[in-house]
1. List the number of the failed condition for G676; all other conditions in (1) part of a helix (DSSP H, G or I); (2) farther than 20 Å from G278 by Cβ hold.
2. Kindly list the number of the only condition in (1) at pLDDT 85 or above; (2) farther than 30 Å from S184 by Cα; (3) open to solvent by 30 Å² or more (accessible area, probe 1.4 Å) that fails for V768.
3. Could you list all residues from region 456-504 that are within 20 Å of G62 (Cβ to Cβ), in a loop (DSSP other than H, G, I, E, B) and either in contact with a strand residue (DSSP E or B) (Cβ under 9 Å, 6 or more places away or on another chain) or open to solvent by 80 Å² or more (accessible area, probe 1.4 Å) (or both)?
4. Within region 524-545, does at least one residue satisfy the condition of being crowded, with 17+ Cβ neighbours inside 10 Å and touching an Asp or Glu at 6+ places or on another chain (Cβ under 6 Å)?
5. Need pairs with beta-carbon distance below 6 Å; first residue farther than 7 Å from T531 by Cβ and within region 554-567, second assigned to a helix (DSSP H, G or I); sequence gap 6+ or separate chains.
6. Can you tell me which residues in region 536-576 are over 15 Å from L295 (Cβ atoms) and among the polar types (S, T, N, Q)?
7. Considering only region 581-597, I want to know if a residue exists there that is open to solvent by 10 Å² or more (accessible area, probe 1.4 Å) and within 18 Å of the chain's Cα centre (by Cα).
8. How many residues, within region 115-168, are under 34 Å from the mean Cα position of the chain (by Cα) and in a helix (DSSP H, G or I)?
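The values are calculated or read from the model by the stated rules, or taken from the named source; none is laboratory data. All figures in this text were calculated on a predicted structure; none of them were measured in a lab. In this analysis, Cβ positions are derived from the backbone assuming ideal geometry, glycine residues included, and neighbour counts consider all displayed protein chains. Side chains included, ligands, DNA and RNA excluded: accessible areas come from the protein's heavy atoms. Shrake-Rupley method; radii C 1.70, N 1.55, O 1.52, S 1.80 Å.
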Amino acid sequence: MFSRWGAFIYRFRRPVAVIALVLAIASLTLASQASNALSSGGWLDSHSESATVADRLAREFGAGRSSVIAVFRSGSAGADAASDTFQGAVTTALRRVATDPRVRGIVGYAQTGDRRFISTSGDAAYVVVELDMTDEQSVAIVEDLRADIVPPSGYSYQLTGYGPITRDSAVQSEKDLQRAETVSLPIAALILVLVFASVIAAGMPLLVAGLAIPSSLALIYLVAQQVEMSIFVLNIATMLGLALAIDYSLFIVSRFREELRRGRTVGEAVERAVATSGKAVAFSGVAVAIGLSGLLLFTAPAIRSIGIAGALVALCSVVYALTFLPAVLGMLGHRVNSLTIGGLVRRFRGNIASDATGARRTSRWERVAHGVMARPYVVLVPTLALLLVAGTPFLRLQQGVPGAEIYPAGVESRDAYVALQTEFAPGETTPIVILADVTGAPTDPANIAALDGYAAKIAALDGIDRVEGPFSITDPATGAVLSADQVAALYALPQGQRPAGIDALLARYVHGSTVRLDAISPLSPSKPAATDLIPVIRGVDPGSGITTEVGGSAATGHDFLVSQGDRAPWAVGVTLVASAVILFLLFGSVVIPIKAVIMTLLSISASFGALVWIFQQGNLSEVLHFEPLGYTIAGNPIIMFSVIFGLSMDYEVLLLSRIQEAYRRTGDNTASVAEGLARTAGVITGAALIMVTVFAAFALADIITIKSIGVGMAIAVAVDATIIRVLLVPATMRLMGRWNWWAPGFLQRIADRLGFSHVEDEDPPAPVGAPSLTEYSEAPGR
């Protein structure tokens, strides 16, 4: 099938290349708009209790509208933020904002007299600008609000909230992306030149990447019009697009040039390159897509969107590698070797020395393979021990769902967010929200007493400072907290006789038979200690006739972690089984897939150990320039698993394909392993270096989420392309012998019938200058 596809592409190479170019160029317009269609949210499990609370707050309490928080400071040392002068400056700064029809109101110290709006040191204040729109809609008006806030001389402000954070995250993602591309592309180009010793050949993978990435981003933009897509998709899609497109093109170009050296015509070389490396690329792309599709099993839109984007990137990379690339190679022919740099890279590649007839001498990679296979247990046991030890830090994994602290210092919305957590009374802007449903009127004395008792139980928990609600009232004269009976007496008064503020409490905290309680915790909602507090609160008995639901930022994080833990085994299982099936169809063996899955899990465990050791425990934080969070960002491990598992199939498929070719030709297991390793060593080494370069370049990102994913995947690829390929593959294949290619009879018949596991015949090359069948089929009148 792939052979016929190669012949088809070669025959129609010019129109295929033109169509591919037109599609890629047409996608640029949509690709340029992709970042504006992405969201910084998406970490909410829509089926969770916290999501239910969020929906009810929006529907019943009118809390579904967005807001922006402005933190004000004075340039004068020792300024008093509660003073009339300071508050007057804040009022002046917000005068135009207050008249904006999109603003519902402004809440701060001037409006409430509440000290929570004043920093603990007394020199800063914040106000909440309540908007009459959703979070997503608020993103578009951030710059309008910024233009309307005009503080007097000597005062400054910073904005935070969903809208400002989303705007800043898009800008920061673009900066990180540009930095990574600036670093990785020149290095990737240099590696390609060293691998190919030809500028033209080296340019082919970069050209394919240049087409695949904008096409992927255009598709992501279209999908983002229908479903919520995370802002992190931008970086991950580009990261994957560079790595996959370059790798796939490297495999095909290398095989094409090898076939030309063997004396085949251009048409035959294209056909055979697609039939062999092209088939490996197609199956590798399917494996990557399957690995990423496992993320679709999760309920959080952010994780699902990364799976969707990754699958689209793999699709585009495969499509251009199997259409545009062979078409261009067919047009270039032997000119693909133009602009050579002589024998500069023979020492770098060290894998195969070929003459025009395809003769090959023993390379150092063959000697390494024979050395490993001569003492397989001596290599296998310590290597396995090393990988297992490297993965042990993962056993101490703690996950958290961070806020804006993942962005670098100096980003306005991040700095304001951190200031609210550290400079002001902690937890005031991120309460744990409890919705309590009662029987009868909430202001009945019995219900007030019951809810007051329940609130006291919550307030007594470790990690809770106090509980606020409609019945938490202090005597303005003495400052003493009123008893439940006294509160009931106040609410029993006719509406016109109630003290000032009582009706406002009712409007804020009571709707129908539902009462809202805000539990104020000093714990950062992203920390594991805060998320661990949620099931404790949910376990408190509210009393007879009262039902409760718990929400808020910490509850959202807890529910996300629970949902992730429930779905992760299924996602991992589906990925492992589907990948094993793909490898079986490709190689017709049940042993190869099992072995490949185990080896991939070993390399992943090592990278996961490094992820925890570096980013959770804070090692190398000064080298990598980040501030440790004290936990691993939730979602990163499963995202890395899905991506790494798919990528590891690249080298596995390419290496085993060449080993299988040699084995079916010779029947010698040891010799075929050595030959397969030798034939692919240069290509895989170059591909691995490029992929590690691309991923490591994203380690320069300032966003910790992207930095940690880049570092983790760079380590995984390095381990997979060195320890796994050079040591474990030869050792295990030597021990398994002919059983490597075994399958039960009925499964073998299925594989044979499908034909994917068939290896192209190593037919002798046609004499140089002799016409090929492809050329005969294209000749006029034949």
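1. Status for G676: all satisfied but (2).
2. So V768 meets the others, but not (1).
3. Filtering region 456-504 down to residues within 20 Å of G62 (Cβ to Cβ) leaves 468-470, 501-504.
Within this subset, residues satisfying the condition of being in a loop (DSSP other than H, G, I, E, B) are 469-470, 501.
Residues satisfying the conditions are G469, P470.
4. No, region 524-545 contains no residue that is crowded, with 17+ Cβ neighbours inside 10 Å and touching an Asp or Glu at 6+ places or on another chain (Cβ under 6 Å).
5. Final answer for the pair search is A555/S50; A555/I534; T556/S50; D559/S50; R567/L297.
6. Residues satisfying the conditions are S544, T547, T548, S553, T556.
7. Here is the first cut: in region 581-597, the ones open to solvent by 10 Å² or more (accessible area, probe 1.4 Å) are 581-582, 584-585, 590-591, 594-595, 597.
Among the residues that remain, those that are also within 18 Å of the chain's Cα centre (by Cα) are: none.
The answer is no; no qualifying residue exists.
8. Result for region 115-168: 20.
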